[in-house]
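Undergrad: To start, I am sharing the structure in question, which I have written as structure tokens.
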Amino acid sequence: MKKALLAGVVATACAAVTMSTAGIAQASPPKNPNDCPNGYVCVWGDINYEGRYLFNPGTDRANVGSFMNDLTSSLWNRTGSQVCFYEHADFRGATLAIVPAGSWLSNVGPAANDKISSWRDC
Ligand SMILES: [Ca+2]
């Protein structure tokens, strides 16, 4: 009887270890209802892929539009190309972020926050 109880405790401990391992694997990209489709560049208005968002197919967007202009705080490049993000429309102004294919930024950082207006492969 006591042995069976101990086995149960061990099993519970193993489950806890498995869960914490999954938690550590947070280097994986965001997975949520707003998941960014493969082949898209996705931008969000808040850090950690929250708030308003825009999912754009392909690598180029000459003007993000008034809905997302100067509001991006996190992003995900799910295309097969490196993508550069620019301060102004038509790929002008400062290059605010250079994001390799398949990479993401949960926080674009203070220099780029709320400034992105366009992007393309680079
Ligand atoms: Ca801008």
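The values are calculated or read from the model by the stated rules, or taken from the named source; none is laboratory data. Predicted, not measured: the structure shown is a model, and the values here were computed from it. Cβ atoms come from the backbone with ideal geometry, glycine included; neighbour counts cover every protein chain shown.
Undergrad: State which residue is nearest to Asn56 (Cα to Cα) when the search covers only the range 104-122 and only residues that are loosely packed, with under 15 Cβ neighbours inside 10 Å and within 14 Å of the chain's Cα centre (by Cα).
TA: Asn107
Undergrad: Moving on to the next point. Considering only the range 58-94, state which residues are crowded, with 19+ Cβ neighbours inside 10 Å and assigned to a strand (DSSP E or B).
TA: Arg61, Ser74, Leu75, Trp76, Asn77, Val83, Phe85, Tyr86
Undergrad: For the range 57-67, does any single residue satisfy the condition of being within 16 Å of the ligand (Cβ to nearest atom), free of Cβ contacts under 8 Å to residues at least 40 places away in the same chain and β-branched (Val, Ile, Thr)?
TA: Scanning the range 57-67 turns up no residue that is within 16 Å of the ligand (Cβ to nearest atom), free of Cβ contacts under 8 Å to residues at least 40 places away in the same chain and β-branched (Val, Ile, Thr).
Listed here are the residues, each with its yes/no results for (1) basic (Lys, Arg); (2) closer than 18 Å to Trp44 by Cβ; (3) in contact (Cβ under 8 Å) with a residue 12 or more places away in the chain.
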site: Trp76; (1), (2), (3): no, yes, yes
site: Ser81; (1), (2), (3): no, no, yes
site: Ala97; (1), (2), (3): no, yes, yes
site: Gly102; (1), (2), (3): no, yes, yes
site: Pro110; (1), (2), (3): no, yes, no
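Undergrad: Being acidic (Asp, Glu) and more than 15 Å from the ligand (Cβ to nearest atom) is the filter here, so list the residues in the range 93-122 that pass it.
TA: Residue satisfying the conditions is Asp121 alone.
Undergrad: Against the condition farther than 18 Å from Gly39 by Cβ and within 16 Å of the ligand (Cβ to nearest atom), how does Leu71 come out, does it pass?
TA: Criteria met by Leu71.
Undergrad: Inspect the range 95-103 for any residue being modelled with pLDDT of 95 or more and assigned to a loop (DSSP other than H, G, I, E, B) and give the result as yes or no.
TA: Just the residues of the range 95-103 that are modelled with pLDDT of 95 or more, to begin with: 95-101.
Retained after the next criterion (residues that are assigned to a loop (DSSP other than H, G, I, E, B)): 100-101.
Yes, that holds for at least one residue.
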